[in-house]
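To start, the structure under review is shown below, and the notes come after it.
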Amino acid sequence: MDENKYFTLRIPKRVLLYIYILLCIVVVVVAFNNWPRYIVLNPPVPYKGFAISEEKMIYNPYTDGGVKLGFHNTWTWRRKYGFLPTGDDLYTSESVLAYFDKWLNEQGWKSFEGHGLPCDFMIEADHLERGTNLLAYVSNNTTGSYYSSVVCLAAWPYTTEDKKTGFIVLLFTATK
């Protein structure tokens with residue numbers, strides 16, 4: 001009789017089914033953790049306003065030693081607008097911020113007055129003054145900003161070639 005010279009491993013079908021189910025659960029958990037969760041906001045832009053750029057990206061926090069902190073990604077979205085003042089009383093940075101502030105409040109965002117700056121992912125935050133031309137928002141049902149989604153709103157003036165004053169508005173969101 002011819003003997004089988006190959007090693008065969010017999011695993012019961014029930015054990016294979018359990019392994020398959022466990023593998024599917026792991027795949028679903030990893031996919032959910034890495035699934036994009038961008039908050040995209042589309043406020044009505046004042047007359048003569050236009051979007052200059054839009055960008056989505058993933059931020060992975062790292063320590064000084066280059067070791068990734070946990071499994072948390074921060075999903076950031078930013079849209080930069082440029083517009084010239086109109087007859088709608090939008091001729092200062094404060095009035096521009098008030099226009100977008102009203103819209104964000106209507107959408108369920110509240111101003112964040114707590115300590116710390118939740119807009120630290122935004123590069124422009126280093127050059128802007130919080131409360132004057134940089135505002136931070138959290139969801140109405142949130143008490144803090146560390147584990148919640150954050151919206152940052154910034155505005156600053158610029159001068160065109162024909163000596164008109166316009167405004168750059170940056171709307172920035174971060175979701176963990």
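Here, each number is a calculation from the coordinates, and none is a lab measurement. For clarity, every value in this text was computed on a predicted model and none was experimentally measured. FYI the Cβ positions are ideal-geometry reconstructions off the backbone, even for glycines, and counts take in every protein chain you see.
Where Lys and Arg each count +1 and Asp and Glu each count -1, what net charge lies around SER139 among other residues with Cβ under 14 Å from its Cβ?
+2
At 7 Å along Cα-to-Cβ for each site, give me the label-to-label distance between THR74 and ASP162 in nm.
With each label placed 7 Å out from Cα toward Cβ, I get 4.1 nm.
Just to verify a number: FRET efficiency for LYS13 and ASN141, C-beta to C-beta distance, R0 = 45 Å, to 0.05?
Working from the Cβ atoms, E equals 0.40.
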